[in-house]
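> One structure follows; several queries about it will come next.
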Amino acid sequence: QKEVEQNSGPLSVPEGAIASLNCTYSDRGSQSFFWYRQYSGKSPELIMFIYSNGDKEDGRFTAQLNKASQYVSLLIRDSQPSDSATYLCAVNQAGTALIFGKGTTLSVSS
Amino acid sequence: DGGITQSPKYLFRKEGQNVTLSCEQNLNHDAMYWYRQDPGQGLRLIYYSQIVNDFQKGDIAEGYSVSREKKESFPLTVTSAQKNPTAFYLCASSITGGYNEQFFGPGTRLTVL
């Protein structure tokens with residue numbers, strides 16, 4: 001069974017801090033990796049994707065991929081209360097649909 | 001505006017009824033997907049289609065059916081054979097069926113009365 005694992009949280013950080021979200025996956029053949037943000041009662045919104053080992057930065061967000069260790073992480077710098085949401089890690093393997101983790105709930109306190 | 005629309009937003013079903021959830025996209029995407037989300041759970045794949053007139057079962061296809069007669073439309077029918085259909089249903093699309101990012105519609109929340 002191919003799996004994507006995330007700590008369910010909640011992860012609590014103060015406003016302005018760095019939030020670090022982690023995800024591990026079981027299939028070494030995985031090719032692409034995605035982070036979605038989901039507010040309560042809403043659909044997931046794509047915030048980052050990464051295909052190659054290393055870091056990818058977009059504004060306050062940095063995605064990090066380490067294929068040898070089979071983990072992908074998301075860093076959120078200068079966290080804001082509006083970042084409070086559930087973050088879903090998703091992995092695409094075999095070129096079809098995505099395998100999702102159960103998500104990590106982030107709470108940013110002002 | 002380009003995007004994915006789903007209707008209705010809320011749907012109530014009686015025991016033994018079939019219901020159809022609509023998903024339409026005007027992004028000119030080839031691939032479309034249906035996922036189900038239960039409280040505290042990740043998304044699970046029901047069906048996907050990489051091209052018109054072709055679709056494949058996902059992990060939890062039992063009790064569901066789909067069609068893909070047009071590129072922009074991928075309706076999902078929840079049949080009476082689905083024993084626990086109460087969930088949040090999400091439709092997504094991507095440019096192709098490969099490793100590209102997927103974009104989601106707003107979802108349909110189905111409740112069985």
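> Output ³J(HN,Hα) for segment B:8-18: one whole-Hz value per residue in order, computed from phi by the Karplus curve 6.51 cos²θ - 1.76 cosθ + 1.60 with θ = phi - 60°, and x for Gly and Pro.
x, 6, 10, 9, 10, 10, 8, 4, x, 8, 8
> Let me ask another. In whole Å, how far is the Cα centre of segment B:13-90 from that of segment A:1-59?
24
> Then there's this: Provide, as a two-decimal number, the C-alpha radius of gyration of chain A over 2.2 N^0.38 Å, N being how many residues it has.
Against the compact-globule rule of thumb, the ratio is 1.01.
> Whats the longest run of chain B with zero GluC sites (Glu not before Pro) that are DSSP loop and have at most 12 other Cβ atoms within 10 Å?
In chain B, the maximal stretch lacking such sites is B:16-61.
Values quoted throughout were computed directly from the atomic coordinates according to the rules given, and no laboratory measurement underlies them. None of these values were measured; they are calculated from a predicted model. No Cβ is skipped: glycine too gets one built from the backbone with ideal geometry, and neighbour counts run over all protein chains shown.
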